[in-house]
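The values are calculated or read from the model by the stated rules, or taken from the named source; none is laboratory data. It should be emphasised that the depicted structure is a prediction, and the values quoted were computed from it without experimental measurement. Note that we place each Cβ from the backbone using ideal geometry, even for glycine, and neighbour counts take in every protein chain shown. SASA here: full protein model, heavy atoms, side chains in, ligands and nucleic acids out. Shrake-Rupley method; radii C 1.70, N 1.55, O 1.52, S 1.80 Å.
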Amino acid sequence: MRIIRFLDREQKWLAAVTDDEQAYRLPQTDFMTLIYQAREQGISTVQLVESAFKPVNKLTDDWTTLHIVNPIEAPEVWAAGVTYQRSREARNYEATDGKLDATTFYDKVYDAERPEIFFKSTAARTIGPNEAVTLRSDSTWQIPEPELGLVLAADGSIVGYIAGNDMSCRDIEGENPLYLPQAKIWRNSCAIGPAIRLAETVQNPYDLSIICEIYRNGEVIVKSDASTSELNRKLDELVSYLARDNDLFDGTVLLTGTNIVPPNDFTLEPGDRIEISISSIGTLINPVISNS
Ligand code: DO4
Ligand code: MG
């Protein structure tokens, strides 16, 4: 069961998409309201959602034709880093021009008890499906980072899963790790969507496939796939570090790190289109534009 939001006559509506791709309009106006109403009624969120499955609420047969918007206005988006071996290798490459001869901070954080967690975005800064991610004007090495996102309640529980893109400038981060905020945060550098999979319907979040395709001039120029089974951390462990001595707001999203890095000679260009698909969650599509 997935939750989407769509725009109809200037108003945003929540809808549920069943496993057989039927979409029903929901009476609740936002994702966290669904979660809390179900908790108050002592029922599962699926049960609450299914109570709206009436002919009158049925939407078009092809829900992908709806004007889909971001499924949640996440007050904050945080991101974990170097949680996969693939990311560790890529960070080492960009930090050393490929001439690695010593243990790096990235090696240390991969094995350390404390994970790398950084602030990525706010509600006003986060874009949704089909909106354009923009390129930084002072970077020549930019990539998408396709990541599984956790949708969190204020108590730290994982209530949903979402696809996310932690856009990154490899040259800026490689020059100096202290530049991380600039390598990670700029206008339209964080995208999430298009759907939230209810956590209670995901049997094993460590068995999700992630595929990233990048299109240029109508052709796929990068296609990579990976699995969350290679995650070097437990999801609860990442959440517990994020919540440590920290306030979590309802609907906070925690991106869990990338296991896909395009080839080292690749950089995004204006006009590209990024498609990030996570099995049973959805495909996040964003065009790429320049930042001028
Ligand atoms: O260490 C920098 C960030 C790494 C990251 O964003 C990732 O591994 O996904
Ligand atoms: Mg990342």
Stokes-Einstein diffusion coefficient of the chain, Kirkwood radius over Cα pairs, 37 °C, 0.692 mPa s, in µm²/s: 169 µm²/s
In region 76-289, if the dipole is taken from +1 on Lys/Arg beta carbons and -1 on Asp/Glu beta carbons about the Cα centre, which of Ser168, Phe105, Leu208 is farthest to the positive end? Ser168
Separation of the Asp111 and Tyr36 label points, Cα + 7 Å toward Cβ, nm: 4.5 nm
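Starting from 0.36 nm per residue, how many nanometres of slack lie between Gln182 and Gln22 once their C-alpha separation is accounted for? List each step's numbers first, then the result.
Values: separation 160, 0.36 × 160 = 57.60 nm, distance 4.15 nm.
In short, 53.5 nm is gained.
Show me the trypsin sites (Lys or Arg not before Pro) within region 53-131 that DSSP assigns to loop and that have at most 13 other Cβ atoms within 10 Å of their Cβ. Spell out each step's value before the answer.
Details: sites: Lys58, Arg86, Arg88, Arg91, Lys99, Lys108, Lys120, Arg125; in loops: Lys99, Arg125.
When the trypsin sites (Lys or Arg not before Pro) of region 53-131 are filtered for loop state and at most 13 Cβ neighbours within 10 Å, Lys99 remain.
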Shape of region 159-292 from its Cα gyration tensor (a ≥ b ≥ c, root eigenvalues): rounded if a/c is under 1.5, otherwise prolate when a/b > b/c, or oblate? oblate
Label-point gap, in nm, between Leu7 and Ser292 - each point 7 angstrom along Cα→Cβ: 2.8 nm
Under a Gaussian network model of the chain whose springs join Cα atoms within less than 10 Å, the largest fluctuation of Gln182, Gln41, Gln142 belongs to Gln41
Taking the Cα centre of region 2-69 as origin, work out the dipole magnitude from +1 charges on Lys and Arg Cβ and -1 charges on Asp and Glu Cβ, in debye rounded to 20. 220 debye
What number, in percent, do you get for the relative contact order of region 21-177 if the mean sequence gap of Cα pairs under 8 Å and at least 6 apart is divided by its residue count? 21 percent
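Rounded, prolate or oblate: which fits region 24-70 when a ≥ b ≥ c are the square roots of the eigenvalues of the alpha-carbon gyration tensor, with rounded for a/c under 1.5 and prolate only if a/b beats b/c? Could the numbers behind the result be given before it?
Numbers: a/c = 3.01, a/b = 1.65, b/c = 1.83.
Oblate, because a/c is 1.5 or more while a/b does not exceed b/c.
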Which percent of the accessible heavy-atom area of the chain goes to carbon and sulfur, probe 1.4 angstrom? 47 percent
For the chain, build the charge dipole from Cβ charges (+1 Lys, Arg; -1 Asp, Glu) around the Cα centre, then report which of Ala23, Ala243, Ala154 sits farthest towards its positive end. Ala23
Rolling a 1.4 Å sphere over the protein heavy atoms, what is the accessible area per residue of region 2-69, to the nearest Å²? 56 Å²
Using the Cα centre as the reference, give the magnitude of the dipole from point charges on the C-beta atoms of the chain (Lys, Arg: +1; Asp, Glu: -1; all else neutral), rounded to the nearest 20 debye. 460 debye
Is region 95-216 rounded, prolate or oblate when judged by the Cα gyration tensor, a ≥ b ≥ c being the square roots of its eigenvalues, rounded requiring a/c under 1.5 and prolate requiring a/b larger than b/c? oblate
Percent relative contact order of region 2-69, based on C-alpha pairs within less than 8 angstrom and at least six residues apart? 37 percent
Measuring from centroid to centroid over Cα atoms, what is the spacing of region 99-131 and region 174-235 in Å? 11 Å
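So how do 147-159, 217-229 stack up, highest first, on mean other-Cβ count within 10 Å? Numbers along the way, then the final one.
Values: 147-159: 21.5, 217-229: 13.5.
Descending packing order for the listed peptides: 147-159, 217-229.
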